[in-house]
Amino acid sequence: MSQSRFQRWFDLKGWSALLIGAPYIWLLVWFLLPFLIVVAMSVATNTPTAPPFSFGGEHPWVNWEPFSRVLTDGLYLRAFLTSVVNAFVAMIFCLLLGYPMALGLTRVSTNWRNILLMLVILPFWTSFLLRVYAWMGLMGKNSWFNGLLTDSWNFLVPMSWAMKSVPMMHTNFAVVLVMVYTYLPFMILPLYASLERLDPTLDEAAMDLGSRPYQVFWDVTLPQSIPGIVAGGMLVFIPAAGELVIPSLVGNAAQPMIGKIIQDEFGQARDWPMASAVAVALLILMVIPTMIYSHYQAKAERLK
Amino acid sequence: MSAPDVEPFLRIEGVSKSFGTFQAVKNVNLSVSKGEIFALLGGSGCGKTTLLRMLAGFEEPTSGQIFLDGRDMANVPPWQRPVHMMFQSYALFPHMTVAANVGYGLKHEKSLSKEGRAARVAEMLDLVQLTQFAHRKPHQISGGQRQRVALARALARQPKLLLLDEPLAALDKKLREHTQFELMSIQERTGVTFIVVTHDQEEAMTLSDRIAVMDKGEVKQIGSPTEIYEFPQSKFVAGFIGSVNSFEARVISRDKGHLRLDVPALGGEILARDVAGAAEGQKVSLAVRPEKMRITKDRPDTPNAVAGHVKDLAYFGKDSLYRVILPGGLVQAHAVNARRGDEGAFMADWDDEVWVSFDPSSAIVLVD
C-alpha cells in the first residue's frame with residue numbers, strides 16, 4: 001500500500017520535483033559546498049603542512065588575520081581598486097560600443113540580423129588565448145599596428161613629443177582594451193535581447209507626438225532598455241574584475257589585479273587562508289551590487 | 001457638407017502607394033471638412049491603414065498630394081505635422097505614468113509654461129475622466145482606461161487632425177457601445193476633425209458623418225451612412241455593408257422613374273428604383289436587404305411579390321431571420337418581432353406557405 005502511494009506521489013509530483021531539484025542539487029554540490037570550504041579555509045591558520053592550513057594552535061577556532069590583512073594591507077586594497085577601475089572602464093566602453101551595435105541589430109532585416117548575430121559570436125570559435133596573443137602581437141613595439149599609431153602620433157604632435165613607439169603593452173590601457181574586445185559579446189547579447197522586445201509602434205507614437213528621432217531614443221528606447229544595460233554591465237563587470245589571464249599577459253606587473261593576487265597566494269606563497277580570504281572578499285564585493293539590483297528588479301516585477 | 005469652391009480642410013489628391021510591386025493604395029481622392037468624423041472602412045489589406053499612415057507622415061505617397069488646411073504635407077516629417085494618431089495598440093509608454101503619457105507631446109510646445117502644461121494635462125485627464133488614475137502606470141489600468149489615455153494623449157496638443165486606427169477593436173462589446181458615444185461627444189466638445197480607420201461597418205455607421213468604403217486600395221464609394229447603406233453603387237459596397245439578397249437581372253424597360261426587370265430567381269418581372277446608367281436589355285444585379293423583405297400569409301397588393309415556403313427560421317428575440325425557398329432560389333428576410341405573441345397575428349413558422357414581397361424603392365439595381 002505505502003509502495004503504491006509513493007508510486008502515485010512520484011507519478012504526480014516526483015518528475016517535476018526532480019526536474020526543479022536537479023539544478024539546485026548541482027549548484028549545492030559544485031558551487032555552495034566548495035565555496036563553504038573556501039570560507040572555512042579563509043579563517044584557518046597557514047601552517048607548513050600539506051594541505052598548508054590547519055585549525056587550532058595559536059588561533060584555536062577562527063583566525064581573522066587574513067581578513068584584517070585584506071582590509072589593511074595596501075597591496076590588496078590597491079589590487080581591488082585596480083580591478084574595479086579596469087573592469088568599470090571596460091564595462092563603460094563595452095556599453096558605448098555595444099549599444100549602437102545591439103540597436104543596429106534590431107533595425108536590420110531578419111536575414112542580416114542572423115548573419116550579424118553570428119559575427120558577434122564568431123570570435124568565441126577561436127581560442128581565447130590565441131586572441132589575446134594576437135593583441136599582444138598588435139600592441140608590441142615592433143608591430144605594424146604600433147608603427148602606424150606611432151607615425152600618426154608623431155605627425156600630429158610637436159617634435160619634442162615624438163615617440164619611438166606607443167607604450168601599450170604592460171599597461172592598464174592594454175588590459176582594458178583586451179577586456180573590451182573579449183567581453184563585448186556579453187554586453188551586446190543581453191542588450192539586443194532587451195531592445196528586440198521593444199514595440200516599434202512606441203517609437204512611432206513618440207514621433208507622432210512631436211519628438212525627433214534622437215529625442216525618441218532618449219525618451220522611449222533608452223529608459224526601456226535599462227534592464228538590458230544592467231544585465232550586460234554585470235556580465236562584463238563581474239568576470240572582468242576577477243580576470244586573471246588578460247592582466248597576466250598584457251597588464252602591468254607592478255599593478256596586479258585581484259585575480260593575480262589570488263593565484264600568487266595560492267601558488268607561490270602557499271598561503272591558502274590568505275588566498276581564500278581575498279577570494280571571499282571579492283565575492284562579497286561582487287554580490288552586493290547584484291543583490292541590490294535584483295531587489296529593485298523584484299520590486300519592479302511585483303508592481304506589474 | 002462644404003461649399004464646392006471652398007478649399008476643404010483635408011484634401012487627398014490622386015494618392016497612390018506601392019510597396020515594391022504591390023500597390024497598397026490606388027489613386028485615392030478624398031476631401032474632408034473641418035470638424036467632420038470621417039471613416040475609412042474596409043477589410044484587412046484594403047489600404048485604409050496605409051492611407052492613415054500617409055496622413056500621419058510615417059509613409060510617403062508614391063504619387064499624389066495631401067493638403068491639410070491648405071498646406072502641402074509632402075516632406076513634412078511626422079514630428080512636425082499637426083496630426084496626431086491614436087494607435088490600434090494604443091502604444092502607451094509603459095515606463096511613464098498616465099499623466100506623463102498624456103503630457104508627453106506638450107514638452108514640444110515651447111510656448112507653454114510648466115504650469116500651463118500641468119493644467120493642460122489635468123484638463124485632458126478630466127475630459128476622459130481619468131483624473132484619479134494620473135499616477136498609475138499603463139499596466140495598472142484596464143483596457144478601456146488605456147484607450148482613453150491614448151485618446152487624451154493624442155488630443156493634448158490640440159491637433160488639427162486626429163487619426164484613430166481601429167479605436168474600438170480591442171474593447172469588449174459592452175464597452176464599445178459606451179465608448180462610441182463617448183468618442184462622439186469628445187469630438188463634439190473639442191471640434192477636432194477625426195479620421196477613423198475601421199473594418200467594422202457598424203462602428204463606421206454609428207460614429208461617422210461620412211464613410212469612404214475601400215477595397216483593394218481603391219475608394220469604392222463615399223457618402224453618409226444612409227447613402228452608403230440605402231444607395232450602394234456597387235455589389236462590393238452592398239455586400240460589405242450589411243447583408244443583402246442579390247439576384248441576376250435584365251432590364252426590360254425604363255419608365256416613370258422605375259426600372260422593369262426580368263429576374264429569373266424571383267420567377268418573373270420586378271419593379272425597381274431607377275438608377276443612372278441602366279439601359280434596356282442590360283444585364284444588372286438586383287439587391288434587396290433582408291429587412292426590406294416582408295413576409296405575409298396572403299398575396300399583398302404590391303408589384304413585387306413571390307410565393308414560397310419557409311425553410312428555416314432563426315429566432316433572436318427582438319427579431320427573427322427567415323430563409324424562404326422561392327421557385328428560383330433562396331432568400332433571406334429579417335423581421336422585427338413586434339407582434340409575435342399577439343393573438344391572431346400571423347407569424348410564419350417552419351414549412352409555412354408564405355408570400356415574400358418588397359417595395360420597388362427598396363430594390364437596388366447595381367450596374368457594375
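Is it true that A:PRO200 is under 23 Å from A:MET234 (Cα atoms), in contact with a helix residue (DSSP H, G or I) (Cβ under 9 Å, 6 or more places away or on another chain) and either within 14 Å of chain B (Cβ to nearest Cβ) or touching a residue at least 60 places away in the same chain (Cβ under 8 Å) (or both)?
Here the answer is no, as A:PRO200 does not meet what is asked.
Looking at region B:160-178, which of the residues that are modelled with pLDDT under 95 and open to solvent by less than 10 Å² (accessible area, probe 1.4 Å) is farthest from the other protein chains (Cβ to nearest Cβ)? Per the criteria, the residue is B:LEU168. When A:GLY74, A:GLY14, A:GLY56, A:GLY21 are checked against the criterion of being closer than 30 Å to A:ASN252 by Cα, open to solvent by less than 50 Å² (accessible area, probe 1.4 Å) and out of contact with any helix residue (DSSP H, G or I) (no Cβ under 8 Å at 6 or more places or on another chain), A:GLY74 stands alone in meeting it.
Residue count for region A:142-179, restricted to those that are assigned to a loop (DSSP other than H, G, I, E, B), of a type in the set (Gly, Ala, Ser) and within 33 Å of the chain's Cα centre (by Cα): 2. Taking the listed residues A:GLY233, A:GLY228, the one that is surrounded by 21 or more Cβ atoms within 10 Å (Cβ to Cβ), within 14 Å of chain B (Cβ to nearest Cβ) and out of contact with any Phe, Trp or Tyr (no Cβ under 7 Å at 6 or more places or on another chain) is A:GLY228, with no other qualifying. Candidates in region B:95-105 are the residues that are more than 7 Å from chain A (Cβ to nearest Cβ) and touching a Lys or Arg at 6+ places or on another chain (Cβ under 7 Å); of these, the one that is surrounded by the fewest Cβ atoms within 10 Å (Cβ to Cβ) is B:THR97. Please specify each residue of region B:182-198 satisfying the condition of being open to solvent by 10 Å² or more (accessible area, probe 1.4 Å) and within 15 Å of B:HIS84 (Cα to Cα). Passing the criteria: B:GLN187, B:THR190, B:GLY191, B:VAL192. If we scan region A:104-121, do we find a residue that is open to solvent by 30 Å² or more (accessible area, probe 1.4 Å), part of a helix (DSSP H, G or I) and more than 25 Å from A:ILE188 (Cα to Cα)? No, every residue in region A:104-121 fails to be open to solvent by 30 Å² or more (accessible area, probe 1.4 Å), part of a helix (DSSP H, G or I) and more than 25 Å from A:ILE188 (Cα to Cα).
Only one residue in B:ALA278, B:ALA265, B:ALA287 is touching a residue at least 60 places away in the same chain (Cβ under 8 Å), of a type in the set (Gly, Ala, Ser) and part of a strand (DSSP E or B). Which one?
Exactly one of B:ALA278, B:ALA265, B:ALA287 is touching a residue at least 60 places away in the same chain (Cβ under 8 Å), of a type in the set (Gly, Ala, Ser) and part of a strand (DSSP E or B), namely B:ALA287.
If you go through region B:93-150 and keep only what is part of a helix (DSSP H, G or I), of a type in the set (S, T, N, Q) and under 26 Å from A:ARG212 (Cα atoms), you end up with B:ASN101, B:GLN147. Count of region B:207-233 residues, restricted to those that are crowded, with 17+ Cβ neighbours inside 10 Å and hydroxyl-bearing (Ser, Thr, Tyr), is 2. In this structure, B:PRO78 does not qualify as touching a His at 6+ places or on another chain (Cβ under 8 Å), facing chain A (nearest Cβ under 8 Å) and either open to solvent by 10 Å² or more (accessible area, probe 1.4 Å) or modelled with pLDDT of 95 or more (or both). Condition first: more than 10 Å from chain B (Cβ to nearest Cβ), part of a helix (DSSP H, G or I) and either more than 18 Å from A:LEU116 (Cβ to Cβ) or open to solvent by 40 Å² or more (accessible area, probe 1.4 Å) (or both). Can you find one or more residues in region A:203-214 that meet it? Yes, some residue in region A:203-214 is more than 10 Å from chain B (Cβ to nearest Cβ), part of a helix (DSSP H, G or I) and either more than 18 Å from A:LEU116 (Cβ to Cβ) or open to solvent by 40 Å² or more (accessible area, probe 1.4 Å) (or both). Filtered by the rule that a residue be more than 13 Å from chain A (Cβ to nearest Cβ) and of a type outside the set (D, E, K, R), region B:125-140 gives B:LEU125, B:LEU127, B:VAL128, B:GLN129, B:LEU130, B:THR131, B:GLN132, B:PHE133, B:ALA134.
The values are calculated or read from the model by the stated rules, or taken from the named source; none is laboratory data. Quick caveat, the model's predicted, so the values are computed rather than measured. Reconstructed Cβ throughout: ideal geometry from the backbone, glycine too, with neighbour counts over all protein chains shown. Heads up: the accessible areas ignore ligands, DNA and RNA and are worked out on the full protein's heavy atoms, side chains in. Shrake-Rupley method; radii C 1.70, N 1.55, O 1.52, S 1.80 Å.
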